[in-house]
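The structure appears right after this line, and notes come after that.
The values are calculated or read from the model by the stated rules, or taken from the named source; none is laboratory data. All figures in this text were calculated on a predicted structure; none of them were measured in a lab. So basically every Cβ, Gly included, is an ideal-geometry build from the backbone, and we count neighbours across all protein chains shown.
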Amino acid sequence: MAKITAPSDVRIASLKSKKAEAFDPMAAGGGTPWEDRGSIGTAKAFFLTCFMSMKSPRVLFGSIQRPDTTGDAMRFAVGCGLLWLAAVVIHALLQLVLVVTQERSGVAYSTFLIQYGAMALGAVAGTVILMRLAAQILHKLLQAERKGNVPSSLTVNLAAYCLGPSLLALIPYVGPPLAAIGILWLLIVSCTARQQIPSGSAVTCSMIAFGAAALIVVVVWLLWWWLGWQQWYEILPPPREIRVRSI
């Protein structure tokens, strides 16, 4: 029996070999607004990146142009640390107004300034250090989930851009918790979007990494409260009454 072959101009899908395209998480993207700050301005690029992280996080993570270096990411993290510093100042002023308006015979302003001054000084460094710590923990946890070896610089980049919701920390009282929730959510999205990690593993690994950083924050805050919070108010003896004799 003669062998029947299809004409050259006929294309049959079942006869075509399928080539699976390998996903490369280290592929360069088009560039984030922060990476393009040289042309649009540093301040504008920073706030555009913060808004983009909350509005279109998948687009932002896919746009990272230099995932093999961490210079740009660390500078963005420092900017987010400045947002937390501003948040400390705002909440300090609100707390000061609350203390002054209370009926107290005296206030230990020096202790107040030392407490919030320490928080302000540690805001920037704490943000950057905790981000790096969470990124390293997350990278170690994801090593068992991903196929192939991926440099830790990618996770650092993603974790830094996850700090974009820090902008919400400027909102009095409810802002810091909202910012923390937003950062955790972005960590999960970064794992599924740029690193192709299954949703379940992304949630578990992100919560462990975020939880480790959050635990440090809680311990430091409790120590801060124990050392000085209750000493803000210094009860002084009431002033002596001055009696004027009538002539």
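Taken over the range 119-148, the criterion of being more than 21 Å from residue 74 (Cα to Cα), surrounded by fewer than 15 Cβ atoms within 10 Å (Cβ to Cβ) and not basic (Lys, Arg) is satisfied by 143, 144, 148. Screening 54, 74 for residues that are modelled with pLDDT of 95 or more, on the phi < 0 side of the Ramachandran plot, assigned to a helix (DSSP H, G or I) and touching a Gly at 6+ places or on another chain (Cβ under 7 Å) leaves exactly one candidate, 54. Does residue 59 satisfy the condition of being β-branched (Val, Ile, Thr) and at pLDDT below 95? Judged against the criteria, residue 59 is not a match. Within the range 115-123, does at least one residue satisfy the condition of being among the small types (Gly, Ala, Ser), at pLDDT below 90, in a helix (DSSP H, G or I) and under 19 Å from the mean Cα position of the chain (by Cα)? Yes. Of all residues in the range 187-202, those satisfying the criterion of being assigned to a helix (DSSP H, G or I) and more than 16 Å from the chain's Cα centre (by Cα) are 192, 193, 199, 200, 201, 202.
For the range 50-84, the set of residues classified as buried (at least 18 other Cβ atoms within 10 Å of the Cβ) and closer than 25 Å to residue 172 by Cα consists of 50, 52, 53, 57, 76, 77, 79, 80, 81, 83, 84, listed by residue number. Criterion applied to 87, 45 was being of a type in the set (A, V, I, L, M), over 16 Å from the mean Cα position of the chain (by Cα), surrounded by 15 or more Cβ atoms within 10 Å (Cβ to Cβ) and in a helix (DSSP H, G or I), and the one residue passing it is 45.
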